[in-house]
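Here the structure comes first, spelled out in structure tokens, and everything after it is commentary.
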Amino acid sequence: MVDRPANDAPFRVLRDVELGHGVIVNSFTNLYGCSVGDETRIGPFVEIQRGARVGARCKIQSHTFICAGVVIEDEVFVGHGVMFVNDKRPRAVREDGEFQTEADWELLPTLVEPRASIGSGAVILGGVRIGAGALIGAGAVVTRDVAPGRTVAGVPARLTERGPS
Ligand SMILES: CC(C)(COP(=O)(O)OP(=O)(O)OC[C@H]1O[C@@H](n2cnc3c(N)ncnc32)[C@H](O)[C@@H]1OP(=O)(O)O)[C@@H](O)C(=O)NCCC(=O)NCCS
């Protein structure tokens, strides 16, 4: 673990982040309470929340949101503007009108296995597992597990006829 990214960039927040060697973190990013493995590259306008884990040699493209409960293993590609989701039935407030706290909702964990790729603008609902080497089409909404090596696309995401080449 090291105490800073491999590059300099203005306007980024890194708070309580476990960083591997050679990590690139671009400007306008907000990373807190998470871990990022060796040589991973984080594009601008990315947020990675507390408890999320990103492996080594990943590419996280701009405008992506990686929430608590997400584990991304090594050499995964995450396209631009990918949204992970961890709360199936979100509410701002409880029945009594008070804001919800962490005790008031169930976090659904998500696993992305090595060398999977997630296309731009995809939404990954909580509680799914994306298998090793799988490919998620741009704009897909992934609602179920994706088997290793398979390609899915659409809303909801379904298998395409062809696998990845
Ligand atoms: C899903 C994907 C892998 C399919 O590629 P492919 O197998 O070469 O598919 P084709 O382009 O031959 O299209 C096959 C069919 O799927 C449809 N299709 C392709 N991509 C789609 C997508 N993302 N969502 C929904 N349908 C899609 C096509 O319209 C076509 O439909 P048709 O047969 O009814 O005409 C690819 O289109 C994709 O979305 N890749 C992700 C790219 C990306 O986001 N990169 C990020 C950084 S730039």
In region 1-58, residues that are polar (S, T, N, Q), within 25 Å of Asp87 (Cβ to Cβ) and surrounded by fewer than 16 Cβ atoms within 10 Å (Cβ to Cβ) total 1
Residue hits (region 140-152; open to solvent by 40 Å² or more (accessible area, probe 1.4 Å) and under 16 Å from Phe77 (Cα atoms)) are Pro148, Arg150
Residue pairs qualifying under the 6 Å Cβ cut-off, at least six apart or on distinct chains, with the first in region 31-42 being closer than 14 Å to Val70 by Cα and the second being basic (Lys, Arg) and assigned to a strand (DSSP E or B), are Tyr32/Arg15; Ser35/Arg53
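Looking only at region 136-165, count every residue that is assigned to a strand (DSSP E or B) and either under 22 Å from Val46 (Cβ atoms) or aliphatic (A, V, I, L, M) (or both) and tell me the total.
Final tally of qualifying residues: 7.
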Checked Gly133, Gly126, Gly121 against criteria (in contact with a Gly (Cβ under 7 Å, 6 or more places away or on another chain), farther than 20 Å from Lys59 by Cα and assigned to a loop (DSSP other than H, G, I, E, B)); the one match is Gly126
Picking from Leu111, Leu107, the residue that is more than 22 Å from Val25 (Cβ to Cβ), touching a residue at least 12 places away in the same chain (Cβ under 8 Å) and part of a loop (DSSP other than H, G, I, E, B) would be Leu107
_So for region 120-135 (the condition being among the β-branched types (Val, Ile, Thr), crowded, with 19+ Cβ neighbours inside 10 Å and within 8 Å of the ligand (Cβ to nearest atom)), does at least one residue qualify?_
no
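How about region 136-153: which of its residues are on the phi < 0 side of the Ramachandran plot, within 13 Å of the ligand (Cβ to nearest atom) and of a type outside the set (S, T, N, Q)?
Hits for region 136-153 are Ile136, Gly137, Ala138, Ala140, Val141, Val142, Val146, Arg150, Val152, Ala153.
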Among residues of region 68-102 being closer than 29 Å to Leu19 by Cα and without any contact (Cβ under 8 Å) to a residue 24 or more places away in the chain, the residue farthest from the ligand (Cβ to nearest atom) is Thr101
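The values are calculated or read from the model by the stated rules, or taken from the named source; none is laboratory data. Computed from a predicted structure; not experimentally measured. Cβ: placed from backbone, ideal geometry, glycine included. Neighbour counts: every protein chain shown. Surface areas here come from the heavy atoms of the whole protein model, side chains and all, with no ligands, DNA or RNA. Shrake-Rupley method; radii C 1.70, N 1.55, O 1.52, S 1.80 Å.
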